[in-house]
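Have a look at the structure below, then the notes.
The values are calculated or read from the model by the stated rules, or taken from the named source; none is laboratory data. Since the model is a prediction, treat every value here as computed from it, not as a measurement. Counting neighbours? That spans all protein chains shown, and the Cβs are built from the backbone with ideal geometry, glycine included.
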Amino acid sequence: MKQLPNDFIFGGATAAYQAEGATRTDGKGLVAWDKYLEDNYWYTAEPASDFYHKYPVDLQLAEEFGVNGIRISIAWSRIFPKGYGEVNVKGVEFYHNLFAECHKRHVEPFVTLHHFDTPEVLHSNGDFLNRENIEHFVNYAAFCFKEFPEVNYWTTFNEIGPIGSGQYLSGHFPPGIQYDLAKVFQSHHNMMVAHAKAVKFFRDGQYNGEIGIVHSLPMKYPYNPDNPADVRATELEDILHNKFILDATYLGEYSDKTIDGVNYILSIHGGELDLRQEDFAVLKMVKDEIDFIGINYYMSDWISAFDGETQIIHNGRGNKGSSVYQIKGIGKHESDVEVPRNDWDWMIYPKGLYDQIMRITKEYPNYKKIYITENGLGYKDEFVDGTVYDDARIDYVKKHLEAVADAIADGANVKGYFIWSLMDVFSWSNGYEKRYGLFYVNFETQERYPKKSAYWYKQLAESHTIE
Ligand code: BGP
C-alpha cells in the first residue's frame with residue numbers, strides 16, 4: 001500500500017479536438033485533421049464526445065468522482081479561425097464559460113495552447129517548419145494570457161515529439177510525410193523556439209499563474225544491454241524522441257552528445273538543420289523559468305541496432321503484432337521481451353515511468369516540478385450492465401501510480417497525475433474503438449456512464465492511498 005502526498009492532484013486529461021466535436025460551429029476555423037481524417041481514416045472528429053455542449057456534465061462527473069484537475073486545450077482555430085487576424089468572439093466566450101464551469105466544480109483547469117491542432121491555413125503554409133508560424137503562435141498565446149486571467153496553469157505545447165514524428169517520420173499525422181528525419185528535428189526545434197518565446201512573453205508580462213510544457217517521454221532500453229550496437233541504437237532513439245527536446249527545454253542548447261547523435265542521423269538520412277544563434281538566446285532565457293514539466297507516459301521501447309531499409313507500419317486498428325518500426329542507422333523496436341503489450345503494441349512497463357522521472361531529476365536538476373499529464377490504458381472496452389468492468393485499466397493505473405510514489409520517495413517533485421482520459425474521446429490515429437476514459441461515452445447518444453475504474457479512482461482521490 002503506497003501513499004501519495006496530501007496536495008497531489010488527481011486529474012483527468014482531454015484535448016479540444018478529440019473531445020469537443022462541433023468542428024464547424026460558432027465560427028471555428030478548419031484544422032488539417034478535418035480533411036486528413038476524412039481522406040485517410042474510417043472516422044472523423046464528429047461527433048467526438050460533444051464536449052462543446054456536454055462539458056457541464058463531464059465537470060459534474062469529475063467533481064462527483066473526486067477528480068480535482070482537468071487538462072483542457074484551447075482550439076487555436078476557435079479563437080483565430082485562420083490562426084491570426086480577426087478574433088472569433090464566440091470561441092473566446094466558449095472558453096470563458098468552460099473555465100468558469102471548471103472553477104464552479106472545483107476542478108482546476110490546466111490549459112494547453114496547442115494540442116496537435118494548428119489551424120489549417122498555417123498548417124498548409126508549412127506548419128512549424130515555417131518560422132512565420134512561430135510568431136503567429138506567440139501572438140495567439142499572448143492573446144490568451146491577457147484574455148483568460150482565470151487560468152492558473154498554462155502549457156504551451158502538448159507533445160512536440162510525437163507531432164514531429166507523426167507528421168514527418170511515420171506519416172500518420174497530416175501532412176503524412178514519411179521518413180524525413182531532418183524535418184522531424186526542424187519541427188521539434190522550431191516548436192521549442194515558439195514555446196520559449198511564449199514563456200518569455202508570459203514572464204515579461206508578469207501574467208497570473210504558472211507556465212510549463214508537456215512532453216511525451218517513452219523510456220528507451222537496449223534489447224541486449226550487453227551489445228554495444230544496441231546500446232548505441234537506444235541512445236539515438238532517445239535523442240530522436242526525448243533528449244533533443246529535453247535539452248532544448250532545460251539546457252537552452254543541445255549538448256555535444258545530442259548534437260553528435262543528430263549529425264550522425266542526418267549523415268545517413270540527409271538534410272540540414274537551420275539552428276540560429278537567436279533561437280538559443282531565447283531558449284537560454286527561459287530554461288530556468290519553466291514552472292513545471294508535464295510527462296505523458298504510456299510505454300517503453302526495446303531497441304536493437306538496425307541498418308536495413310526504414311519501415312514504419314502503424315497499427316491503428318488494434319491488431320496485436322501488426323506494427324513495425326525500424327529506422328536505418330538508428331534502430332528497431334523489438335517486442336520479444338517479457339513485457340505485456342496492449343492491442344496497439346504499446347509495451348506496458350510502469351518501471352519505465354519511474355526511470356523517466358528519475359532521469360529528469362538527474363539530467364535536468366533545474367526542472368522544478370513534474371506532473372504526469374497523461375497516462376492510461378487504451379482498450380476495446382466492453383459495455384455491459386450499464387458500465388465497463390475495466391480491471392485491466394485499474395491495474396495499469398495502479399502500477400504506474402506506484403512508480404510515481406516510488407519516485408517521490410526517492411526525491412522527485414511530482415505534484416499530480418492526470419489519467420488519459422477523463423471520459424472516452426476518439427484517438428487521433430486509432431479511432432473511437434480505442435477507449436481510455438473513466439467515463440464510458442456512448443458516441444451515438446452522448447450519454448456518460450462511470451466505469452469501474454471511475455469508482456476506484458474516486459476512492460484513490462479521497463484516500464490518497466494506492467490500493
Ligand atoms: C498522446 C496525446 C493524446 C492521446 C494519447 C493517447 O500522444 O497527447 O492526445 O491521443 O496520446 O494516444 P492514442 O490516442 O494514439 O492512443
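Every test in (1) crowded, with 20+ Cβ neighbours inside 10 Å; (2) within 16 Å of the ligand (Cβ to nearest atom) is passed by G331 save one, and that test is (2).
Here Y84, Y52 are screened, and the one residue that is surrounded by fewer than 23 Cβ atoms within 10 Å (Cβ to Cβ), under 21 Å from the mean Cα position of the chain (by Cα) and modelled with pLDDT of 95 or more is Y52. In the stretch 140-151, the residues that are within 13 Å of H114 (Cβ to Cβ) and modelled with pLDDT of 95 or more form Cβ pairs under 9 Å with partners that are crowded, with 21+ Cβ neighbours inside 10 Å and hydroxyl-bearing (S, T, Y), at six or more places apart or across chains, as follows: A141/T156; C144/Y95. Filtering the stretch 1-27 to residues that are in a loop (DSSP other than H, G, I, E, B) and touching a Phe, Trp or Tyr at 6+ places or on another chain (Cβ under 9 Å) leaves L4, F8, T14, A15, E20, G21, A22, T23, T25, D26. Are there any pairs with C-beta distances below 8 angstrom linking a residue in the stretch 419-442 that is under 11 Å from A454 (Cα atoms) and in a strand (DSSP E or B) to a residue that is of a type in the set (G, A, S) and within 11 Å of the ligand (Cβ to nearest atom), with the two at least 6 apart or on different chains, and if so which? Note: pairs meeting the criteria are I419/A13; I419/G376; M423/A19. Here D343 meets the list (1) within 26 Å of S73 (Cβ to Cβ); (2) out of contact with any strand residue (DSSP E or B) (no Cβ under 6 Å at 6 or more places or on another chain); (3) within 16 Å of the ligand (Cβ to nearest atom); (4) of a type outside the set (G, A, S) almost entirely, failing just condition (1). Applying the criterion of being free of Cβ contacts under 8 Å to residues at least 60 places away in the same chain and more than 16 Å from the ligand (Cβ to nearest atom) to the residues of the stretch 360-387, the residue that is nearest to the chain's Cα centre (by Cα) is T361. Just one residue in the set E63, E38 is over 21 Å from C144 (Cα atoms), in contact (Cβ under 8 Å) with a residue 40 or more places away in the chain and outside any loop (DSSP other than H, G, I, E, B); that residue is E63. At least 2 residues being within 16 Å of the ligand (Cβ to nearest atom) and closer than 30 Å to F306 by Cβ is the threshold, and among the strands (runs of 3 or more DSSP E) wholly inside the stretch 130-238 those reaching it are 153-158, 210-216. Of the residues making up the stretch 202-246, those that are over 26 Å from L181 (Cβ atoms), surrounded by 15 or more Cβ atoms within 10 Å (Cβ to Cβ) and among the acidic types (D, E) number 1.
Taking the criterion of being over 25 Å from I357 (Cβ atoms), buried (at least 19 other Cβ atoms within 10 Å of the Cβ), of a type outside the set (S, T, N, Q) and within 14 Å of the ligand (Cβ to nearest atom), the residues of the stretch 395-449 that qualify are M423, D424, V425, F426, W428, K434, R435.
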